[in-house]
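Written out below as structure tokens is the structure these notes cover.
Derivation of every value follows stated rules applied to the coordinates shown; laboratory data play no part. Nothing here was measured: the structure is a model prediction, and the numbers come from that model. Cβ sites come from the backbone with ideal geometry, for glycine too, and all protein chains shown count toward neighbours.
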Amino acid sequence: MLTQRLICAALSLSVLTPLVAGAAGAFTPVAVDTQPQRSTEPEPDANYVFGLLDRDGDGRIDGIEARASGPLVKYFGDIDTDRDGKISRAEWAAYFEHQTPRA
């Protein structure tokens, strides 16, 4: 009886192993291109983004408008150089003038 179980187990493995290996081959990951993909669309310029963030159109981005953009909150103090609690278009332009563009 033990011999029959061993033979069945061996046959099962001999039949199932190639099937499982073949199925696993179907899920083998393909090589991924590690080079960043360049966008076909140009990045928006700083003035355009300023206009989007200046929701009330007063020519300044205040704290409420900045909170609508999560990343801007982090850099608000760096951009608001006169510390009046608002980012003027001149402060915005000066900040981005010193940033290196993305390649």
*Taking the Cα centre of segment 46-97 as origin, work out the dipole magnitude from +1 charges on Lys and Arg Cβ and -1 charges on Asp and Glu Cβ, in debye rounded to 20.*
160
_Integer Hz, Karplus 6.51/-1.76/1.60 couplings in order for segment 65-73, x for Gly and Pro_ = 5, 5, 5, 5, 10, x, x, 5, 4
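For segment 46-97, how big is Rg over Rh, using alpha carbon atoms and the Kirkwood form of Rh?
A ratio of 0.89.
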